[in-house]
Each structure stands twice: as structure tokens, then as C-alpha cells.
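The values are calculated or read from the model by the stated rules, or taken from the named source; none is laboratory data. What you are looking at is a predicted structure, and each value in this text was computed from that prediction instead of being measured. Counting neighbours? That spans all protein chains shown, and the Cβs are built from the backbone with ideal geometry, glycine included.
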Amino acid sequence: MKFEFFSVPACSPEQGQQELNTFCSSHRIVSIEKQFVPNGEQSYWAICVSYLENGKKTTAAGKSKVDYREILEDHEFAVFAKLRSLRKTLAEKEGVPAYALFTNEQLADMVRGRVTSLSDMSSIEGIGKGRLDKYGKEFLEILREEFSKGGGTPNP
């Protein structure tokens, strides 16, 4: 966890507010502590922002949540998003949670590993024969289509 400190003048807060808002919108914020410092016309808000720098967000349970948009390349994330969309559609159709089909980590591994066969898919941790038989072909359609495109294929 990292910290960033801000001072926002009480009388003319516009610039300080803008800096704080810009910082907060581009980081994974863990907490913000603020204290008013009274000093007449020089009064200000002292603000301490704690944040995560590595693309992981902490959930209420204290577990890390990976932000795949930050750790995958843009073209990889586009394929990942298509896989998630398919997973959501299938999960809603079957009335099961999306992670029951494949986890986000498994989908990301499919993209990073350039999976194009059931054999490749079976090598991903946690993916067994049952899921391969039931869902593998539909996910492979997207993966094969995306990886057969010229310049947009993820790097091995």
C-alpha cells in the first residue's frame, strides 16, 4: 500500500480539489483520511490517501481482486471481455454463477496461453473434463477466431 498527501485550501479549494479528484480517479483507493486545519484565512484540509499501485483491489473480505484491464494488454483484454460475455450468457441461461463455468483467472490464462484446443484448455488449473465437454467448444470458437486474426493476436 502507498500513500499520497494533499493540502486543499479552504478559501479557494478548486485547484486542490482537481488534483485530488484526478489522483483518485486513476488509482485503486483503499482509504482517505482528512482533517481540517483551522488557521484563519490560511485554513486547509489535510488529506491522506492510501492506495494500491499494482492493479489489485482489496475486497471487503480482505482478498485481492485482480484488475485484468491493468494486467492484460489491450488486445488481450478485448478477447478476455468476449469470453466473459459468453460466460455470463451461458451462466444466466443455466441459472448458475458465472464462476461455475470458468473463473476470471482461467479466462485470462486462456488468453495469455493462446489456447486453441481442448488439450490446451485442459492444461489450465481447475479445468476438468466435465467443463471441457460442456463449455470448451463455445469458448474455443472465440479464442480461435481472435487468434487467427493477423496483427491483433496476443503475444505468446
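For this structure, a couple of remarks:
- Among all positions in segment 91-99, there is no residue which is assigned to a helix (DSSP H, G or I), in contact (Cβ under 8 Å) with a residue 24 or more places away in the chain and among the small types (Gly, Ala, Ser).
- The residues of segment 86-106 that are surrounded by fewer than 17 Cβ atoms within 10 Å (Cβ to Cβ) and among the aromatic types (Phe, Trp, Tyr) amount to a single one, Tyr99.
- Residues within segment 107-132 that are assigned to a helix (DSSP H, G or I), within 24 Å of the chain's Cα centre (by Cα) and aliphatic (A, V, I, L, M), tallied: 5
- Residue selected from segment 2-27 under the condition polar (S, T, N, Q) and part of a loop (DSSP other than H, G, I, E, B), by the criterion modelled with the lowest pLDDT: Ser26
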